[in-house]
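Report on one structure; see the data block that follows.
The values are calculated or read from the model by the stated rules, or taken from the named source; none is laboratory data. Please read these numbers as outputs of a predicted model, since none were measured by experiment. A quick note on method: Cβ atoms are made from the backbone with ideal geometry, for glycine too, and the neighbour counts reach across all protein chains shown.
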Amino acid sequence: MKRIRTMLACVCAVILLGVGTTALVFAEVKAGSEKTVVVTVNINKADAKELAAVLHNIGEAKAEAIVKYRDEHGPFTSKEQLLNVKGIGVGTVKKNEALITL
């Protein structure tokens, strides 16, 4: 009899936890239905602050390096040309490819 009560208590606990979890997941789905705004940045016209604000893994220092490279070598002719800027690798360019315009 004691085993049966213990098993029933465990089953009830699992059911209650499951109901609570379902409500939280439903709330997250409803909250996530907002529209997302995608912002792009022109790497030939943007200043360092704009670049740092829009691009992933690009802070102020790397953004300033992009502007300096652009000033020294002229406008970028491709997104891949960012690889010539010290501190920017293939992963960073691929991650930001959709955000970059020329």
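Name every residue in the stretch 68-90 that is assigned to a loop (DSSP other than H, G, I, E, B) and of a type in the set (S, T, N, Q), in order of residue number.
Thr77, Ser78
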- Does Ile66 fit the bill of being modelled with pLDDT under 75 and surrounded by 10 or more Cβ atoms within 10 Å (Cβ to Cβ)? no
- Within the set of pairs 6+ apart or on separate chains, which have a first residue in the stretch 38-56 that is assigned to a helix (DSSP H, G or I), a second that is loosely packed, with under 14 Cβ neighbours inside 10 Å, and C-beta atoms under 6 Å apart? Ala52/Gly59; Ala52/Glu60; Val54/Val39
